[in-house]
Amino acid sequence: MKKISIIGANGFIGTYMQSFFKAEGFIVLPLGKEETRKNSNEIAKMLEGTDIVINLAGAQIIHRWSPAYKKILYNSRIITTKKLVDAMAQMKKKPELFISTSAVGIYATNGPMSESNYTYGDNFLTKICKDWEAQAQQADDLSRVVIFRFGVVLGKGGGALSKMLPAFRLGIAGTIGDGSEPFSWVHIDDLLHAYLFVFASEKLEGTFNLCAPNPVTNRELTKTLGSILHRPTVIPLPKFVLKLLFSEGATVLTEGQRVIPERLLANDFTFNYPTIEEALKEILD
């Protein structure tokens with residue numbers, strides 16, 4: 001029976017992971033913010049005996065990006081990942097697999113982007129993702145390393161969808177700007193099964209886009225949500241309003257990426273929810 005340590009286990013995705021992997025027969029060790037504040041020596045002792053380390057640590061992206069908060073965003077990812085890699089180096093028995101996190105925000109806003117054909121962005125989110133991935137790759141000599149670049153994760157009870165639904169249910173939602181912004185997403189069920197997939201496929205390593213094979217535009221997302229909820233979606237949200245609320249952080253909402261999960265598809269991973277309509281119908285059922 002394999003042991004999985006989940007760093008950042010108390011967030012939306014980590015909570016799902018704990019239940020899912022326990023049901024799959026794994027021993028699960030959840031580590032939260034308090035544990036990641038410890039030094040690498042102490043973290044190594046906690047991780048001893050772990051077969052798979054999953055790194056989800058990172059402060060909430062959708063937030064007002066003041067200079068102080070940008071430092072929190074950066075340090076919560078890069079410094080925490082460095083501590084994890086340092087801790088793994090100190091473990092008597094190294095984990096067989098280290099899965100770290102990144103985001104499709106590493107890419108430029110044109111597209112489509114895949115792992116083999118891409119352009120990186122030129123903003124703060126891109127810098128975070130590049131440095132985050134580079135730090136995780138320092139574990140290459142210790143374990144098999146996989147980095148998942150997440151699209152927007154959709155599921156019940158949390159995440160981006162929970163922030164969107166109140167306005168839709170009140171009938172006061174609409175597109176962001178003209179609605180043409182790309183939106184790359186993944187259903188939480190497919191995300192969890194992608195982890196199982198790389199657990200079992202020992203040849204798989206490196207970077208993978210973890211998003212559904214059918215990205216949409218903000219307009220398509222909005223219209224699909226409105227249709228399923230039987231609510232109007234006629235009130236557009238001007239981009240300047242988001243800029244007022246989130247400052248530079250508004251770019252997460254106003255400048256999406258169109259991303260294809262080329263490597264997962266090439267290795268015969270099957271998405272249970274490949275379209276936005278299928279995903280939203282299951283979540284909102």
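For this structure, a couple of remarks:
- Residue in segment 128-154 that is farthest from Ile276 (Cα to Cα), counting only those that are among the charged types (D, E, K, R) and without any contact (Cβ under 8 Å) to a residue 12 or more places away in the chain: Asp141
- Yes/no for Ile172 being touching a Ser or Thr at 6+ places or on another chain (Cβ under 6 Å) and aliphatic (A, V, I, L, M): no
- Residue match in segment 168-176 (condition: without any contact (Cβ under 8 Å) to a residue 24 or more places away in the chain, assigned to a helix (DSSP H, G or I) and surrounded by fewer than 18 Cβ atoms within 10 Å (Cβ to Cβ)): no
- Residue ID - nearest to Ser100 (Cα to Cα), chosen from residues in segment 182-209 that are part of a helix (DSSP H, G or I) and aromatic (Phe, Trp, Tyr): Tyr195
- Residue that is surrounded by the fewest Cβ atoms within 10 Å (Cβ to Cβ), among those in segment 257-285 that are of a type in the set (Val, Ile, Thr) and touching a residue at least 12 places away in the same chain (Cβ under 8 Å): Thr275
- Test: residue in segment 114-122 that is of a type in the set (D, E, K, R), at pLDDT 95 or above and over 24 Å from Ala44 (Cα atoms): yes
- Meets criteria (within 21 Å of the chain's Cα centre (by Cα) and modelled with pLDDT of 95 or more) for Phe246: no
- Residues of segment 123-152 that are within 16 Å of the chain's Cα centre (by Cα), part of a strand (DSSP E or B) and modelled with pLDDT of 95 or more: Val146, Ile147, Phe148, Arg149, Phe150.
- Residues of segment 68-81 classified as closer than 19 Å to Ile106 by Cβ, buried (at least 16 other Cβ atoms within 10 Å of the Cβ) and either polar (S, T, N, Q) or more than 16 Å from the chain's Cα centre (by Cα) (or both), total: 4
- Verdict on Glu181 being charged (D, E, K, R), at pLDDT 95 or above and under 22 Å from the mean Cα position of the chain (by Cα): no
- With respect to (1) buried (at least 16 other Cβ atoms within 10 Å of the Cβ); (2) within 18 Å of the chain's Cα centre (by Cα); (3) over 24 Å from Gly111 (Cβ atoms), the lone exception for Gly226 is condition (2).
- Any chance Asn272 is touching a His at 6+ places or on another chain (Cβ under 9 Å), at pLDDT 95 or above and in a loop (DSSP other than H, G, I, E, B): yes
- Exactly one residue out of Glu277, Glu220 is over 30 Å from Ile72 (Cα atoms), touching a helix residue (DSSP H, G or I) at 6+ places or on another chain (Cβ under 6 Å) and part of a helix (DSSP H, G or I): that is Glu277.
The values are calculated or read from the model by the stated rules, or taken from the named source; none is laboratory data. What you are looking at is a predicted structure, and each value in this text was computed from that prediction instead of being measured. FYI the Cβ positions are ideal-geometry reconstructions off the backbone, even for glycines, and counts take in every protein chain you see.
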